[in-house]
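Below is one structure, written out as structure tokens; comments come after it.
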Amino acid sequence: MTETTPQAREPLSPRRRVLDVVQGLFLGAVVGVICGCAAAAFLWSLDQATSFRTGHELIVYALPLAGLAMGAFYERFGMGIKAGNNLIIDTIHDEGPELPLRMAPMVLVGTVVTHLFGGPAGREGTAVQMGASLTDWLSHRLRVSRSVRRQLFAAGVAGGFGAVFGTPVAGAVFGLEFVVLGSIEYHAIVPALTASIVGDMTTRAWGIVHTQYPAAPSLALSPLVLLKWVVFAVAAAMVAAAFIELTHFIRKFGEDHVPRLPIRMLLGGIAVVLLWKIVGTSDYLGLGIPMIVRALHDPTFPVYAFALKLVFTAIILGAGYIGGEVTPLFFIGAALGNVLARALDIPIELGAGVGLAAVFAAASNTPLALSIMAVELLGAGVFPHVMIVAVLAYVIKGKRSIYAAQRMRTRNTNAPAR
């Protein structure tokens, strides 16, 4: 395998640097508009699907049949894109062929169908895959160099992530951080930041309104508070690891014992419907945003909620349904944080907010992006607490990731993060 260590380059002249910045701004803005429009269409469709489901909950019983149909369709037309975010990471590292343009509409429709029938998945994976596939189509039409193509990949990921969550700075850093474990792709910072900001502005211009979260209160650091955050980080790392391992186990077990994707999705849908009836509530279906908001202030929040959402989501994603991991992991982290905050005598708003970011930071190996995201969502009061917990949870959890294709930057290897 080729090394991920950048090759030594000749110093660029001032003129060349200016031209590179101008190019990055222009291409980043174009990517941002594309990603913003795609994210707006996606978020609007998702809202419509969620509203319909909450008003007609009997439709959840059809989740297994929807999975059967969707699996048959993907088995026929979508096997080339089934790796999702991992396909994007591999393409970036290996300079693979152009991503299929059909990835964008297929993941959009697939995710909307998943949520229409109550599938407890997320939305970030869809936004990232849409942004990357549309951007790679643009890269090939413009015949850009390999290095510029790599920069535009980061911009597409950043634009999709920033637009779908309304967090442009975190979106930019996520686009730079999630590809290579332990490194940030600074060479792509101009187009990535531009794409994320323009993508967010474009999505808002279409009338999309993002969820508003309560501001986290300030809390002075002290030796006791730091000790509490260490306990918090250990718990976040363990929960992130549990989510990764359970999701990967279900996926591998299904692929080993049930070769046909439609049947795996049918069985996964049946399992989720049975759990839904056993639990007796719809709180763990779909994105679960109302429960995330509730976790940020409710002292009576169920202590087992994080575990239930973890199981629901691991089953649906492991079975092959289309969707992301971020929002479910926000749910899991906020629910865990609520419980830990009450046990450790930390303000609930702060504990749940830190948990929201730290669990996903550990699961995705992106502690910097998620720390910034927490500040964008919850205000400056969450900092530096979220940074402390996110970094510790990331280190404690180890290299295993929800994105199996992530690779470490080393001198001698391009090995995936395992």
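What do you reckon, is Ile59 assigned to a helix (DSSP H, G or I) and under 18 Å from the mean Cα position of the chain (by Cα)?
Working: assigned to a helix (DSSP H, G or I): yes; under 18 Å from the mean Cα position of the chain (by Cα): no.
So Ile59 fails the test.
Being assigned to a helix (DSSP H, G or I) and either among the aromatic types (Phe, Trp, Tyr) or under 29 Å from Pro367 (Cα atoms) (or both) is the requirement here; does Ile270 meet it? Full working, then the answer.
Working: assigned to a helix (DSSP H, G or I): yes; either among the aromatic types (Phe, Trp, Tyr) or under 29 Å from Pro367 (Cα atoms) (or both): no.
For Ile270, the condition - assigned to a helix (DSSP H, G or I) and either among the aromatic types (Phe, Trp, Tyr) or under 29 Å from Pro367 (Cα atoms) (or both) - is not met.
For Arg149, state whether it is charged (D, E, K, R) and either closer than 19 Å to Gly199 by Cβ or under 18 Å from the mean Cα position of the chain (by Cα) (or both).
Working: charged (D, E, K, R): yes; either closer than 19 Å to Gly199 by Cβ or under 18 Å from the mean Cα position of the chain (by Cα) (or both): yes.
Answer is yes for this residue.
Check Ala352, Ala343, Ala307, Ala363 and return the single one that is without any contact (Cβ under 8 Å) to a residue 60 or more places away in the chain, under 18 Å from Ala242 (Cβ atoms) and not assigned by TED's automatic domain parsing to the domain that holds Ala49. First the steps, then the outcome.
Working: Ala352 fails: under 18 Å from Ala242 (Cβ atoms); Ala343 fails: under 18 Å from Ala242 (Cβ atoms); Ala363 fails: without any contact (Cβ under 8 Å) to a residue 60 or more places away in the chain.
Only one candidate passes the filter, namely Ala307.
Within the stretch 114-123, is there a residue that is free of Cβ contacts under 8 Å to residues at least 40 places away in the same chain, outside the structural domain of Ala314 (by TED's automatic domain parsing) and of a type outside the set (Gly, Ala, Ser)?
As a first pass, look at the stretch 114-123 and keep what is free of Cβ contacts under 8 Å to residues at least 40 places away in the same chain: none.
No, the conditions are met nowhere in the stretch 114-123.
Considering only the stretch 185-200, I want to know if a residue exists there that is loosely packed, with under 15 Cβ neighbours inside 10 Å and over 16 Å from the mean Cα position of the chain (by Cα).
Pass one, the stretch 185-200, residues loosely packed, with under 15 Cβ neighbours inside 10 Å: 186.
Now narrow it down to the ones that are over 16 Å from the mean Cα position of the chain (by Cα): 186.
Yes, that holds for at least one residue.
Considering only the stretch 388-400, state which residues are out of contact with any helix residue (DSSP H, G or I) (no Cβ under 6 Å at 6 or more places or on another chain) and in a loop (DSSP other than H, G, I, E, B). Spell out how you get there, then give the answer.
Quick first cut of the stretch 388-400, residues out of contact with any helix residue (DSSP H, G or I) (no Cβ under 6 Å at 6 or more places or on another chain) only: 395, 398-399.
The answer is Gly398, Lys399.
Out of the stretch 108-129, which residues are assigned to a helix (DSSP H, G or I), at pLDDT 90 or above and under 17 Å from the mean Cα position of the chain (by Cα)?
The initial filter retains those residues of the stretch 108-129 that are assigned to a helix (DSSP H, G or I), namely 108-116, 124-129.
The next check asks that each one be at pLDDT 90 or above; those that pass are 108-116.
Listed by number, the residues that qualify are Leu108, Gly110, Thr111, Val112, Thr114, His115.
Please go through (1) assigned to a helix (DSSP H, G or I); (2) more than 14 Å from Ala29 (Cα to Cα); (3) free of Cβ contacts under 8 Å to residues at least 60 places away in the same chain for Ala170 and return the number of the only condition it doesn't satisfy.
(3)
To keep it simple, each residue is scored yes or no on (1) touching a Leu at 6+ places or on another chain (Cβ under 6 Å); (2) surrounded by fewer than 20 Cβ atoms within 10 Å (Cβ to Cβ).
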| residue | (1), (2) |
| --- | --- |
| Gln48 | no, yes |
| Phe52 | no, yes |
| Ile59 | no, yes |
| Gly67 | yes, no |
| Gly71 | yes, no |
| Asn85 | no, no |
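Only one residue in Leu43, Leu12 is over 24 Å from Leu134 (Cα atoms) and surrounded by 11 or more Cβ atoms within 10 Å (Cβ to Cβ), so which one is that? Lay out the reasoning, then the answer.
Values: Leu43 fails: over 24 Å from Leu134 (Cα atoms).
Selected residue: Leu12, the only one of Leu43, Leu12 that is over 24 Å from Leu134 (Cα atoms) and surrounded by 11 or more Cβ atoms within 10 Å (Cβ to Cβ).
Quick one: Gly160 ticks every box in (1) buried (at least 21 other Cβ atoms within 10 Å of the Cβ); (2) of a type outside the set (Val, Ile, Thr); (3) more than 21 Å from Phe330 (Cβ to Cβ) except a single one, so which number is it?
(3)
Which condition number in (1) part of a helix (DSSP H, G or I); (2) not assigned by TED's automatic domain parsing to the domain that holds Met291 is the one that His210 fails?
Status for His210: all satisfied but (1).
When both residues are 6+ apart or on different chains and their Cβ atoms are under 7 Å apart, which pairs have a first residue that lies in the stretch 241-266 and is within 20 Å of Leu308 (Cα to Cα), and a second that is charged (D, E, K, R) and surrounded by 13 or more Cβ atoms within 10 Å (Cβ to Cβ)?
Final answer for the pair search is Ala241/Lys397; Ala241/Arg400; Ile244/Arg400.
The values are calculated or read from the model by the stated rules, or taken from the named source; none is laboratory data. Fair warning: this is a prediction, and the values are worked out from it, not measured in the lab. Because the Cβ atoms are built from the backbone with ideal geometry, glycine has one as well, and the counts that use them run over all protein chains shown.
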